[in-house]
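Worksheet: one structure, shown below.
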Amino acid sequence: AQYGENLALNKTVKCSGTREEWWMYNDDGTIKPDAYNQVKPENAVDGSKDTAFTSYQGEDDQWIYVDLGAEYDIGRVITRFNEDAGKIYDIQTSKDAKHWTTIHREQKGFMNKVDNFTCFHEDVRFVRFLGYSKVESGSGFGIRELEVYEYKEGDSKDNETIKDLPISQIVNNENGKG
């Protein structure tokens, strides 16, 4: 399918943190460049399905956003995951990278998912992936590509209704154990 120009391609990205594992470091404590190149945030917007950004593995609520460089009316966002996919996550937009609006919420993500959705949001400069929980608990969120496309006249202007996030709770069984 042809969606037009990927507005996120090779644009500036920021993230909450990148994967850090013992094997990624030299004996002197510096990170190995080839190890960092496997997880760096720029991989999410480099146009290659062979590279990926991987967020810090120890915590949920990890994020990455792309600065589109100008404001656009967007009509499609595609998030291409690797094996370290998000299970519950939001796609959000902003004009200033401070105030975010959730435009898409997934609660059943899976490995290697290609999350391709249409929308209509005006004057968007920043697009953020915010991951709440991962498919694999011991890894970070792995994104091969985060793609953003301009709205095309004639496409749907319908936007999804954002459902509440699930509530994490411990339920006691009949023996009083959680």
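The values are calculated or read from the model by the stated rules, or taken from the named source; none is laboratory data. Everything numeric in this text was worked out from a predicted model, so none of it was measured. Don't worry about glycine lacking a Cβ; one is built from the backbone with ideal geometry, like all the others, and counts go over all protein chains shown. Side chains included, ligands, DNA and RNA excluded: accessible areas come from the protein's heavy atoms. Shrake-Rupley method; radii C 1.70, N 1.55, O 1.52, S 1.80 Å.
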Quiz item: What dipole magnitude, in Debye to the nearest 20, does the chain give about its Cα centre under +1 on Lys/Arg Cβ and -1 on Asp/Glu Cβ?
Solution: 260
Quiz item: Roughly how big is the stretch 92-178's charge dipole about its Cα centre, with Cβ charges of +1 (Lys, Arg) and -1 (Asp, Glu), in debye to the nearest 20?
Solution: 380
Quiz prompt | Qualifying lysines (Cα of each under 27 Å from Cα of LYS157; at least 8 residues distant if same chain) | solution = LYS11, LYS87, LYS95, LYS98, LYS108, LYS113
Quiz item: Percent of accessible area on the chain owned by carbon and sulfur, 1.4 Å probe?
Solution: 43
Exercise. Go ahead and set up a Gaussian network model of the chain, Cα springs under 10 Å, then flag whichever of VAL135, VAL127, VAL39 fluctuates most.
Key: VAL135
Quiz item: So how much accessible area does ARG19 have, in Å² to the nearest 10, using a 1.4 Å probe?
Solution: 60
Exercise. Would you please report the Å³ per residue occupied by the convex hull of the alpha carbon atoms in the stretch 97-141?
Key: 103
Practice problem: State to the nearest 20 debye the size of the charge dipole of the stretch 25-76 about its Cα centre, where the only charges are +1 on K and R beta carbons and -1 on D and E beta carbons. | Solution: 200
Quiz item: Hey, if you drop one equal point scatterer on each alpha-carbon of the stretch 17-70 and run the Debye formula without solvent, what base-10 log of I(q)/I(0) do you get at q = 0.16, 0.22, 0.25, 0.29 Å⁻¹?
Solution: -0.54, -0.89, -1.03, -1.16
Practice problem: On the full set of protein chains, 1.4 Å probe, figure out the accessible area of HIS99 and give it in Å² to the nearest 10. | Solution: 130
Quiz item: For the stretch 58-87 and the stretch 90-150, what is the separation of their C-alpha centers, rounded to whole Å?
Solution: 4
Exercise. Would you mind getting the Kirkwood hydrodynamic radius of the stretch 108-167 from its Cα pairs, rounded to one decimal in Å?
Key: 14.3
Self-check item: Which of ASN175, CYS15, GLY47, positive extreme of dipole for the chain (C-beta unit charges)
Solution: ASN175
Practice problem: Over all alpha-carbon pairs of the stretch 71-174, lay out the pair-distance distribution in 5 Å bins, whole %, shortest bin first. | Solution: 3, 12, 21, 21, 18, 13, 6, 3, 2, 1, 0, 0
Quiz item: Given the alpha-carbon gyration tensor of the stretch 21-115, what are the semi-axes of its equivalent ellipsoid in whole angstrom, ordered largest first, with each equal to the square root of 5 times an eigenvalue?
Solution: 26, 16, 14
Quiz item: Can you give the accessible area per residue of the chain, in Å², using a 1.4 Å probe?
Solution: 56
Quiz item: So what are the radius of gyration and Dmax for the Cα set of the stretch 60-128, in Å?
Solution: 12.1, 33
Practice problem: Note the direction-averaged projected area, equal to a quarter of the hull surface, for the Cα convex hull of the chain, in nm². | Solution: 13.0
